[in-house]
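The values are calculated or read from the model by the stated rules, or taken from the named source; none is laboratory data. Since the model is a prediction, treat every value here as computed from it, not as a measurement. Here Cβ is always computed from backbone atoms with ideal geometry, including for glycine, and neighbour counts include all displayed protein chains. Note: accessible area is taken over every heavy atom of the protein model, side chains too, but ligands, DNA and RNA are not part of it. Shrake-Rupley method; radii C 1.70, N 1.55, O 1.52, S 1.80 Å.
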Amino acid sequence: MKILTGHARLAGVMGWPVAHSRSPRLHGFWLAQHDIDGAYLPLPVRPENLGMALKALPALGFAGVNLTVPHKTAAMGFIDRLSDEAKRIGAVNTIVVGADGRLEGSNTDGYGFLAHLKAAAPEWRPKSGPAVILGAGGAARAITVALLDAGVAELRLVNRTQARSATLAADFGDRVKPVKWQARGEALRDAGLLVNSTTLGMTGQPALELDLRHLPREAVVYDIVYAPLETPLLAAARKRGHVGVDGLGMLLHQALPGFAAWFGITPEVTPELREFVLAAP
């Protein structure tokens, strides 16, 4: 039985609701694996209470927190120091309480995306060809920043609402090209990477209708959805011979920087961790 002492390090995840989050199970695995005197707690915080909750973290002795829906953007107004990635993405998912009690905010979603891509598809290179991103929400912004920083020369941003993709493209410059949703199949020509950052194909959501015939066989297909783990897009891609990358690894890898900052140990993403997180009731 795990017993906490008065020296226990505390962290958690703030969201509304937060009961669905797999982060407590994920961080709990690492805490137990490394026998750390600490805890990672689910923190259900209503949107109207976000500022008060964040400002209370230093007083309560928390090392920091993760943020999930709907707090990632709203929290930026309460952070003392923002990382460059968080500013460019326009959202925060990881907060560290500094030694001076000030809140330091970063966004590790792009890091998690790229780390898992490199682990699951080591043959992929930024120069493999244009990247096609489906969606223009918060995840798409984080992925766009990560791929641009990695050196991808062209990103084709395809969204059901074209005005939203055009706005995102304008934020990031000439390497990002907005594409009409109706032209999503044509956008796959000569691409080296296809990323679904929408909820299409997720359990309980509409299917993603996409013809892959124009996608080069050597292209990697990455679906950030992980419920189900094998989405119809990934199944269709693997049938054509593409390397498929599921969304669970992005969740696992994005947790690494926060855990290291809060608990002082850099853990590893392992098959055992994946199985443990997937087994969540």
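Spot the failing condition for Q162; the list is (1) in contact with a Phe, Trp or Tyr (Cβ under 8 Å, 6 or more places away or on another chain); (2) among the polar types (S, T, N, Q); (3) open to solvent by less than 20 Å² (accessible area, probe 1.4 Å), and only one is missed.
Among (1) in contact with a Phe, Trp or Tyr (Cβ under 8 Å, 6 or more places away or on another chain); (2) among the polar types (S, T, N, Q); (3) open to solvent by less than 20 Å² (accessible area, probe 1.4 Å), the lone unmet condition for Q162 is (3).
What residue, among those in region 28-65 that are out of contact with any strand residue (DSSP E or B) (no Cβ under 9 Å at 6 or more places or on another chain) and touching a residue at least 40 places away in the same chain (Cβ under 8 Å), is most open to solvent (accessible area, probe 1.4 Å)?
First, the residues of region 28-65 that are out of contact with any strand residue (DSSP E or B) (no Cβ under 9 Å at 6 or more places or on another chain): 29, 32-35, 46-49, 51-52, 59.
When the remaining residues are screened for being touching a residue at least 40 places away in the same chain (Cβ under 8 Å), the result is 29, 33-34.
Values: F29: 40, Q33: 101, H34: 68 Å².
By that ranking, first place goes to Q33.
Taking the condition of being open to solvent by less than 90 Å² (accessible area, probe 1.4 Å) and either in contact with a Gly (Cβ under 8 Å, 6 or more places away or on another chain) or basic (K, R) (or both), how many residues in region 1-27 meet it?
At the first step, the residues of region 1-27 found to be open to solvent by less than 90 Å² (accessible area, probe 1.4 Å) are 4-6, 8, 10-15, 17-18, 21-27.
Narrowing further to those that are either in contact with a Gly (Cβ under 8 Å, 6 or more places away or on another chain) or basic (K, R) (or both): 4, 8, 10-11, 21-22, 24-25.
Total satisfying the criteria: 8.
What are the pairs with Cβ atoms under 6 angstrom where one residue, in region 186-206, is touching a residue at least 40 places away in the same chain (Cβ under 8 Å) and assigned to a loop (DSSP other than H, G, I, E, B) and the other, located anywhere, is surrounded by fewer than 20 Cβ atoms within 10 Å (Cβ to Cβ) and of a type in the set (S, T, N, Q)? Sequence gap at least six, or different chains.
From residues that are touching a residue at least 40 places away in the same chain (Cβ under 8 Å) and assigned to a loop (DSSP other than H, G, I, E, B), the pairs are G192/S128.
Pick from region 188-203 the residues that are more than 20 Å from the chain's Cα centre (by Cα) and open to solvent by 10 Å² or more (accessible area, probe 1.4 Å): which of them is farthest from L147 (Cα to Cα)?
Looking only at region 188-203, we keep the residues that are more than 20 Å from the chain's Cα centre (by Cα), and these are 188-192.
With open to solvent by 10 Å² or more (accessible area, probe 1.4 Å) added as a condition, the list becomes 189-190.
Working: R189: 18, D190: 17 Å.
Across region 188-203, the extreme among qualifying residues is R189.
Kindly provide the set of residues from region 234-250 that are surrounded by 23 or more Cβ atoms within 10 Å (Cβ to Cβ) and touching a Leu at 6+ places or on another chain (Cβ under 7 Å), ordered by number.
Selection gives A237, V245.
Residues in region 167-184: is at least one over 17 Å from A136 (Cα atoms) and either open to solvent by less than 70 Å² (accessible area, probe 1.4 Å) or under 17 Å from the mean Cα position of the chain (by Cα) (or both)?
Going through region 167-184, the residues over 17 Å from A136 (Cα atoms) turn out to be none.
Looking through region 167-184, none of the residues is over 17 Å from A136 (Cα atoms) and either open to solvent by less than 70 Å² (accessible area, probe 1.4 Å) or under 17 Å from the mean Cα position of the chain (by Cα) (or both).
Among the residues of region 262-281, how many are modelled with pLDDT of 95 or more, open to solvent by less than 50 Å² (accessible area, probe 1.4 Å) and either within 19 Å of H20 (Cβ to Cβ) or of a type in the set (A, V, I, L, M, F, W, C) (or both)? Working first, answer last.
Of region 262-281, the ones modelled with pLDDT of 95 or more are 262-277.
Still in the list and also open to solvent by less than 50 Å² (accessible area, probe 1.4 Å): 262-263, 267, 269-270, 273, 277.
Now narrow it down to the ones that are either within 19 Å of H20 (Cβ to Cβ) or of a type in the set (A, V, I, L, M, F, W, C) (or both): 262-263, 269, 273, 277.
Summing the residues that are modelled with pLDDT of 95 or more, open to solvent by less than 50 Å² (accessible area, probe 1.4 Å) and either within 19 Å of H20 (Cβ to Cβ) or of a type in the set (A, V, I, L, M, F, W, C) (or both) in region 262-281 gives 5.
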